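Please read the structure below before turning to the comments.
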């Protein structure tokens, strides 16, 4: 989804608090709960990957008392949703951050109208927008009339899952367990991790990033259909980087876009945006964030964390008359390209034919979910909904 398409889908929605089960914000939508399902499955499901898709799939299976295990390569669950606490007086999303749709989607992911939970949502509609071109700062505040989204106020995407999804499925997660092979040639599916441990199930939901499949890190027996492999290889998952820097004073606007508004409107080669990470957070801290994907991110992702920050401070000093180095306090860098089980940002170059090929189950045993397989691809909520859709298909025997 490029920036123009995204902006067409954004609307200036209001500020409010979400309260489950009604999720009453100033938007008009209600959560779309999955109707009661007829259970036509009694086996065990293996889920590879504990990102948004894997956790959401496990959550729905758990609601219907289906046996399952989630096998995760990393030492922590979350995948490309990740948070840091203690850096500021609010938690910071190191991965997926914005809610790229109506906030009622949180109720849909929870899928439990009896749960009483409160998640406060803020309207993210920056007023002070500038571009950085040739080292100079130029105001473009009129753009605030066209740009609006939602964000969490006191939590993060990771925090939402950690509070409302993980408690019911944590004892079904096996962490630090990179999968080496999947054998679906027999009546049961056999999965081995890199330590040789064996896991067996009747169905399998694969939710790993496309980079893992492109790099051939998992061996399949029998080999997967060639059209699926070709479709995966057509997907681009470019470099991804997020950096947060605290300053002793706020010398910067709500959003600063290097290269001008044309770069913001057309992200076909990637994006690079500086933004006030404390915007509407009721915080006195000055946290300036960088979000970068694609070619702009690639100029940083092979550097050390300190070298990344040194370069960014230099760029900001040029645009803000040396204020960045004068007021620098601390930083945190999340280089998604360097994450061993991620290797980039999110899927690009998607089209209907690619999605159709990668979505198809194999032998009614192997199923696929994640942000690349979602209708709203490249989003956290899309990944979660895709995992739930596959879980529903298995539960009902569809």
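The values are calculated or read from the model by the stated rules, or taken from the named source; none is laboratory data. These figures come from a predicted structure and were not determined experimentally. Neighbour counts run over all protein chains shown; Cβ positions are idealised from the backbone, glycine included.
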Considering residues that are touching a strand residue (DSSP E or B) at 6+ places or on another chain (Cβ under 7 Å) and surrounded by 15 or more Cβ atoms within 10 Å (Cβ to Cβ), the number found within the range 286-312 is 17
Checking 297, 324 in turn, the sole residue that is closer than 27 Å to residue 79 by Cα and outside the structural domain of residue 179 (by TED's automatic domain parsing) turns out to be 297
- Might you check whether a residue that is on the phi > 0 side of the Ramachandran plot, surrounded by fewer than 24 Cβ atoms within 10 Å (Cβ to Cβ) and within 16 Å of the chain's Cα centre (by Cα) occurs anywhere in the range 67-77? no
Boolean, residue 75 is in contact with a strand residue (DSSP E or B) (Cβ under 7 Å, 6 or more places away or on another chain), modelled with pLDDT of 95 or more and within 27 Å of residue 241 (Cα to Cα): no
Of those in the range 189-228 that are in contact (Cβ under 8 Å) with a residue 12 or more places away in the chain and part of a helix (DSSP H, G or I), the residue farthest from residue 297 (Cα to Cα) is 227
Note: among 356, 337, 364, just one is assigned by TED's automatic domain parsing to the domain that holds residue 36, part of a helix (DSSP H, G or I) and more than 23 Å from residue 88 (Cα to Cα), namely 356
Among (1) under 21 Å from residue 81 (Cβ atoms); (2) touching a residue at least 24 places away in the same chain (Cβ under 8 Å); (3) not in a strand (DSSP E or B), residue 309 falls short only on (1)
- prompt: Would it be correct to say that residue 206 is exposed (fewer than 15 other Cβ atoms within 10 Å of the Cβ), under 20 Å from the mean Cα position of the chain (by Cα) and not assigned by TED's automatic domain parsing to the domain that holds residue 324?
  reply: no
**Q.** So residue 86, is it crowded, with 23+ Cβ neighbours inside 10 Å and under 22 Å from the mean Cα position of the chain (by Cα)
**A.** no
- Does residue 374 count as buried (at least 18 other Cβ atoms within 10 Å of the Cβ), outside the structural domain of residue 249 (by TED's automatic domain parsing) and within 29 Å of residue 89 (Cα to Cα)? no
Please verify whether residue 101 is at pLDDT below 95, more than 25 Å from the chain's Cα centre (by Cα) and closer than 25 Å to residue 61 by Cβ, treating the condition exactly as stated. no
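Step by step: first the residues of the range 367-382, then only those that are in a loop (DSSP other than H, G, I, E, B) and touching a helix residue (DSSP H, G or I) at 6+ places or on another chain (Cβ under 6 Å), then the one that is nearest to residue 393 (Cα to Cα). Which residue is that?
This residue is 369.
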